[in-house]
1. Being within 13 Å of ligand 1 (Cβ to nearest atom), touching a residue at least 60 places away in the same chain (Cβ under 8 Å) and basic (K, R): is that true of K49 here?
2. Consider the range 118-128. How many of its residues are part of a helix (DSSP H, G or I) and touching a Phe, Trp or Tyr at 6+ places or on another chain (Cβ under 6 Å)?
3. Give the range 103-114 a look and list any residue that's near ligand 1 (Cβ under 10 Å from one of its atoms) and touching a residue at least 12 places away in the same chain (Cβ under 8 Å), or say none.
4. Just name the residue that is farthest from ligand 2 (Cβ to nearest atom) out of those in the range 73-106 that are in a helix (DSSP H, G or I) and under 17 Å from E124 (Cβ atoms).
5. Kindly indicate whether M86 is within 13 Å of ligand 1 (Cβ to nearest atom) and out of contact with any strand residue (DSSP E or B) (no Cβ under 7 Å at 6 or more places or on another chain).
6. Could you tell me how many of the residues in the range 13-57 are assigned to a loop (DSSP other than H, G, I, E, B), at pLDDT 95 or above and on the phi < 0 side of the Ramachandran plot?
7. Are there any pairs, at least 6 apart or on different chains, whose C-beta atoms fall under 8 Å, with the first in the range 115-128 and more than 13 Å from ligand 2 (Cβ to nearest atom) and the second assigned to a strand (DSSP E or B), and if so, which?
8. Can you tell me which residue is surrounded by the fewest Cβ atoms within 10 Å (Cβ to Cβ) among those in the range 129-152 that are part of a helix (DSSP H, G or I) and within 13 Å of ligand 2 (Cβ to nearest atom)?
Amino acid sequence: MSLKSEEINRAMAVERTLGIIKPDAVEGQRIGAVVSAIEGSGLRIAALKMVQLTRAQSEGFYYVHRDRPFFGSLVAFMSRGPIVVMVIEGDDAIARYRTLMGATDPAKASEGTLRKRFAKNIEENAVHGSDGPDTARFEIGYFFAGSELPQD
Ligand code: ATP
Ligand code: MG
């Protein structure tokens, strides 16, 4: 293999990212549409379950945002009803899934993205996705035991 294609392979490594279908989208019966869009984009669902966060678990998950003015409201929103947590896998999965989600604020999200299609506003924005490899590792471990994940 030439050096160049090795570099390309490294840049396009198979990754795992954590996706969440948030309470607003579960309430709106969008689970199937979100899963279908993920699979339709060529990414794979490696693990999936429905859970409801306690307030403390919601605070723990969004700890990095603890000093933001919307933290209390975000924590309450994310624990108000069931969510679907998923491990999403594929080449470059972290960036590809964030592209599929669209901008945090649905008013700024591109046409056809999950947030453009399903989000109500900047807080109740339908879906979550990890923002980098370290975050993905932390977030997958927050919800899934090693025994729940396919071996890599
Ligand atoms: P996520 O982490 O959920 O994938 P994101 O990375 O696009 O979304 P972050 O900046 O990490 O956006 O914000 C985390 C979440 O906090 C957002 O998805 C949204 O639910 C909420 N949020 C972000 N900004 C605001 C805001 N200005 N007002 C209210 N809620 C907000
Ligand atoms: Mg984020």
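The values are calculated or read from the model by the stated rules, or taken from the named source; none is laboratory data. Since the structure is predicted, the reported quantities are computational estimates derived from the model, not experimental observations. For neighbour counting, all protein chains shown are included, and Cβ atoms are generated from backbone atoms with ideal geometry for every residue, glycine included.
1. Details: within 13 Å of ligand 1 (Cβ to nearest atom): no; touching a residue at least 60 places away in the same chain (Cβ under 8 Å): yes; basic (K, R): yes.
Spelling it out, it is not the case that K49 is within 13 Å of ligand 1 (Cβ to nearest atom), touching a residue at least 60 places away in the same chain (Cβ under 8 Å) and basic (K, R).
2. So the count comes out to 0.
3. Listed by number, the residues that qualify are A103, T104, D105.
4. Checked the range 73-106; the qualifying residue farthest from ligand 2 (Cβ to nearest atom) is A76.
5. No, not satisfied.
6. The number of residues fulfilling the criteria is 8.
7. Pairs that qualify, where the first residue is more than 13 Å from ligand 2 (Cβ to nearest atom) and the partner is assigned to a strand (DSSP E or B), are F118/V127; A119/V127; A126/I21.
8. Here the answer is D134.
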